[in-house]
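Chemist: My questions will all concern the structure given below.
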Amino acid sequence: MSNIKYILGSFGDPDEMLHGIEKLQENNIAIYDVYTPMPIHGIEAKLGVKRSRLDIAAFFFGITGTITMLTGVYLATAVDWPVNIGGKTHFALPDFIPITFELTILFCAFGLVGSYYASTHLFPGRAPRVMDLRATDDRFIIAIDAKQNTEHDKIDELLKGAGALEVKHNERKYLSYE
């Protein structure tokens, strides 16, 4: 049994890479991931990537900010320090709408940044995980799990037939910049 973990097809053009994805999918070969130096419109749908749930997280972070602000203001103005100013109620909601809005946005922004870092494992100070270093510069990489797809020669032929400039067999999952 070989130590090959991934087969990487390296393309110089996004259209050729999309053609390679089609060829692999026509032959029922599962694609592990695709790495590109720029966003490619529609590639998520082609690969069957699930829709992001960040919008749901943003809603809950925003609601948390709103509830935190309104609770804090209520406790400060109506419970801890009720001051009668001009006959107004202790908890005059219209006075606190601007700061409530600001705290909603603040919680949403910080929560989404934290969620993004957690879901992509891109914590500050961590070395990036890249299968082929050229994917950050000028190459479009298709990664195929070699353990799941055992027909390595067929995969090599399909990738080269689709226009791959290079086909590599990696023994490690990720490369480092060192």
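Chemist: Does residue 117 count as among the aromatic types (Phe, Trp, Tyr) and touching a Pro at 6+ places or on another chain (Cβ under 8 Å)?
Modeler: Judged against the criteria, residue 117 is a match.
Chemist: Would you mind finding the one in 36, 71, 77, 64 that is of a type in the set (S, T, N, Q) and touching a His at 6+ places or on another chain (Cβ under 7 Å)?
Modeler: Numbers: 36 fails: touching a His at 6+ places or on another chain (Cβ under 7 Å); 71 fails: touching a His at 6+ places or on another chain (Cβ under 7 Å); 64 fails: touching a His at 6+ places or on another chain (Cβ under 7 Å).
The conditions single out 77.
Chemist: Any idea how many residues of segment 15-28 are in a loop (DSSP other than H, G, I, E, B) and open to solvent by less than 10 Å² (accessible area, probe 1.4 Å)?
Modeler: Number of matching residues: 0.
Chemist: So which of 99, 142, 105 ends up being among the hydrophobic types (A, V, I, L, M, F, W, C), on the phi < 0 side of the Ramachandran plot and surrounded by 18 or more Cβ atoms within 10 Å (Cβ to Cβ)? Steps first, answer last, please.
Modeler: Details: 99 fails: surrounded by 18 or more Cβ atoms within 10 Å (Cβ to Cβ); 105 fails: surrounded by 18 or more Cβ atoms within 10 Å (Cβ to Cβ).
The unique qualifying residue is 142.
Chemist: Here is a further query. Given the residues 32, 74, which is the only one that is open to solvent by 80 Å² or more (accessible area, probe 1.4 Å), aromatic (Phe, Trp, Tyr) and assigned by TED's automatic domain parsing to the domain that holds residue 151?
Modeler: Details: 74 fails: assigned by TED's automatic domain parsing to the domain that holds residue 151.
The unique qualifying residue is 32.
Chemist: Output the residues belonging to segment 64-119 that are under 25 Å from the mean Cα position of the chain (by Cα) and of a type in the set (Phe, Trp, Tyr).
Modeler: Passing the criteria: 107, 110, 116, 117.
Chemist: Hey, could you check segment 145-160 for residues that are open to solvent by 60 Å² or more (accessible area, probe 1.4 Å) and not charged (D, E, K, R) and say which is modelled with the highest pLDDT?
Modeler: By that ranking, first place goes to 148.
Chemist: Here's something else I'd like to know. With the checklist (1) over 18 Å from the mean Cα position of the chain (by Cα); (2) open to solvent by 70 Å² or more (accessible area, probe 1.4 Å) in hand, flag the one item residue 124 doesn't pass.
Modeler: Unmet for residue 124, out of (1) over 18 Å from the mean Cα position of the chain (by Cα); (2) open to solvent by 70 Å² or more (accessible area, probe 1.4 Å): (1).
Chemist: Can you tell me which of 67, 56 is modelled with pLDDT of 90 or more, surrounded by fewer than 11 Cβ atoms within 10 Å (Cβ to Cβ) and farther than 30 Å from residue 139 by Cβ?
Modeler: 56
Chemist: Moving on to the next point. In this structure, does residue 9 turn out to be touching a Ser or Thr at 6+ places or on another chain (Cβ under 6 Å) and open to solvent by less than 70 Å² (accessible area, probe 1.4 Å)?
Modeler: Answer is no for this residue.
Chemist: Name the one entry in 91, 61 that is outside the structural domain of residue 162 (by TED's automatic domain parsing), touching a Leu at 6+ places or on another chain (Cβ under 8 Å) and not hydroxyl-bearing (Ser, Thr, Tyr). I'd like the intermediate steps shown before the answer.
Modeler: Numbers: 91 fails: touching a Leu at 6+ places or on another chain (Cβ under 8 Å).
Answer to the selection: 61.
Chemist: Mind checking whether some residue in segment 144-156 is within 25 Å of residue 13 (Cβ to Cβ), free of Cβ contacts under 8 Å to residues at least 60 places away in the same chain and of a type outside the set (Gly, Ala, Ser)?
Modeler: yes
Results for (1) of a type in the set (A, V, I, L, M, F, W, C); (2) out of contact with any helix residue (DSSP H, G or I) (no Cβ under 7 Å at 6 or more places or on another chain), shown as yes or no for each residue.
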residue	(1), (2)
69	yes, no
91	yes, no
103	yes, no
109	yes, yes
150	no, yes
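The values are calculated or read from the model by the stated rules, or taken from the named source; none is laboratory data. The structure displayed is predicted, hence computed values, not measured ones. As a convention, Cβ positions derive from the backbone with ideal geometry for all residues, glycine included, and neighbour counts pool all protein chains shown. Note: areas computed on protein heavy atoms with side chains; ligands, DNA, RNA excluded. Shrake-Rupley method; radii C 1.70, N 1.55, O 1.52, S 1.80 Å.
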